[in-house]
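Asks: Just dropping this structure here.
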Amino acid sequence: SQTIHQWPATLVQPVGSPLSLECTVEGTSNPNLYWYRQAAGRGLQLLFYSVGIGQISSEVPQNLSASRPQDRQFILSSKKLLLSDSGFYLCAWSYGGGGQPQHFGDGTRLSIL
Amino acid sequence: DQQVKQNSPSLSVQEGRISILNCDYTNSMFDYFLWYKKYPAEGPTFLISISSIKDKNEDGRFTVFLNKSAKHLSLHIVPSQPGDSAVYFCAATYGGSQGNLIFGKGTKLSVKP
């Protein structure tokens, strides 16, 4: 069966510090991968998606970047965190596009001080 | 501009009764709709979906209804159980996308024993 792992579960970082969140998927190959953010009181907003190694699409302009160095690894990064980067970050995978459901990890709660 | 709207932030239902969660959308290109359930500090879990070629899809206690002319869908849970208490997200996507989901803000369901 397929599993998705995200870490860390919680993270407290000072403003201006760098960020690296990692997500890995097991039990499938060539998945679509996604990064979402849920800000307080809001729905999930898609940040990045990837359909293959090295392929990244950005949905919203922001202070963050994403990379996919391996087939089942997706990394979310920032060189300098802003207060507005606080939120709940979720990684997800799916078999493909269209109507395929996405399956989410348990998320990382990021607090910027 | 919100393309997927869940206008009720919360809903309280008695155990054994029906829970009805509503969702409206504005983009006529959406042709696939999904419902997710989320517990605190966990990622969303896929529940049920429906294609725009159907008006109903049923899976156990969960049924999703789609009214394309009204751009409205609803999730029915019968009978409701205390373990159903969670936040429910409606999401939409369209063919040709890479599965990018547009989420509503969620409805918090409380099922009271």
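The values are calculated or read from the model by the stated rules, or taken from the named source; none is laboratory data. The model shown is predicted, which means the values in this text are computed figures rather than measured ones. So basically every Cβ, Gly included, is an ideal-geometry build from the backbone, and we count neighbours across all protein chains shown. Just the protein is used for accessible areas: all its heavy atoms, side chains included, with ligands, DNA and RNA removed. Shrake-Rupley method; radii C 1.70, N 1.55, O 1.52, S 1.80 Å.
Asks: Please get the size of the charge dipole for chain A, origin at its Cα centre, with Cβ charges of +1 on Lys and Arg and -1 on Asp and Glu, quoted in debye to the nearest 20. Working shown, then result.
Replies: Values: 7 positive and 6 negative charges, 51 e Å.
Computed about the Cα centre, the dipole is about 240 debye.
Asks: Considering only A:GLN6, A:SER84, A:SER58, whose Cα is most displaced toward the positive end of the charge dipole of chain A, charges sitting on Cβ of Lys, Arg (+1) and Asp, Glu (-1)?
Replies: My answer, from the dipole projection, is A:SER84.
Asks: Spelling out what I want: for every residue of the stretch A:79-92, take phi, set θ = phi - 60°, compute 6.51 cos²θ - 1.76 cosθ + 1.60 (Karplus), and round to whole Hz; glycine and proline get x.
Replies: Couplings: 7, 9, 6, 10, 4, 6, 7, 4, x, 10, 9, 10, 9, 9 Hz.
Asks: Once you place label points 7 Å from the Cα toward the Cβ at A:LEU82 and B:GLN2, how far apart are they in nm?
Replies: Going by the 7 Å Cα→Cβ label model, 2.3 nm.
Asks: Also, quick follow-up: Between B:GLU15 and A:SER67, what FRET efficiency comes out of the Förster formula 1/(1 + (r/R0)^6) with R0 = 35 Å and r the beta carbon distance, rounded to 0.05?
Replies: Working: r = 47 Å, r/R0 = 1.34.
With a Förster radius of 35 Å, E is 0.15.
Asks: Only Cα pairs under 8 Å and at least 6 apart count here; give the relative contact order of chain A as a rounded whole percent.
Replies: Details: 281 pairs, mean separation 39.9, N = 113.
Across chain A, relative contact order equals 35 percent.
Asks: Shifting gears a bit: Provide the per-residue ³J(HN,Hα) series for the stretch B:30-35, in order, calculated from phi with Karplus coefficients 6.51, -1.76, 1.60 and θ = phi - 60°, each as a whole number of Hz, with x at glycine and proline positions.
Replies: 4, 9, 8, 10, 9, 10
Asks: Taking the Cα centre as origin and putting +1 on Lys and Arg beta-carbons and -1 on Asp and Glu beta-carbons, what dipole magnitude results for the protein assembly as shown, to the nearest 20 debye? Display every interim value, and only then the final one.
Replies: Details: 19 positive and 15 negative charges, 83 e Å.
It comes to approximately 400 debye.
Asks: Whole number in Å², please: accessible area per residue of the stretch B:11-113, 1.4 Å probe, ligands, DNA and RNA not counted. All intermediate terms of the calculation are to be shown ahead of the outcome.
Replies: Working: 4700 Å² over 103 residues.
That works out to 46 Å² for each residue.
Asks: Where in the stretch B:1-80 are there GluC sites (Glu not before Pro) that are in a DSSP coil and have at most 14 other Cβ atoms within 10 angstrom of their Cβ? The partial results should precede the final answer.
Replies: Details: sites: B:GLU15, B:GLU42, B:GLU58; in loops: B:GLU15, B:GLU42.
The qualifying sites are B:GLU15, B:GLU42.
Asks: Pairs to check: A:LYS79/B:LYS5; B:LYS56/B:LYS112; A:LYS80/B:LYS37. Give those whose C-alpha atoms are more than 29 Å from each other in this structure.
Replies: On the way: A:LYS79/B:LYS5 34 Å; B:LYS56/B:LYS112 27 Å; A:LYS80/B:LYS37 33 Å.
Check vs 29 Å cut-off fails for A:LYS79/B:LYS5; A:LYS80/B:LYS37.
Asks: Which GluC sites (Glu not before Pro) in the stretch A:1-76 pass both tests, a DSSP loop state and at most 16 other beta-carbon atoms within 10 Å? Kindly include the intermediate steps, with their values, before the conclusion.
Replies: On the way: sites: A:GLU22, A:GLU26, A:GLU59; in loops: A:GLU59.
In loop regions of the stretch A:1-76 (DSSP not H, G, I, E or B), the sparsely surrounded GluC sites (Glu not before Pro) are A:GLU59.
Asks: Something else now. Let's see if you can work this out: charge +1 on each Lys and Arg Cβ, -1 on each Asp and Glu Cβ, no other charges. What is the dipole magnitude of chain B about its Cα centre, in debye to the nearest 20?
Replies: Details: 12 positive and 9 negative charges, 37 e Å.
With only Lys, Arg, Asp and Glu charged at Cβ, the dipole is about 180 debye.
Asks: Over the whole of B:33-40, what's the average partner chain Cβ count within 10 Å per residue? Rounded to a whole number, please. Working shown, then result.
Replies: Numbers: counts 1, 4, 1, 4, 0, 5, 1, 0.
Averaged over the peptide's residues, the number is 2.
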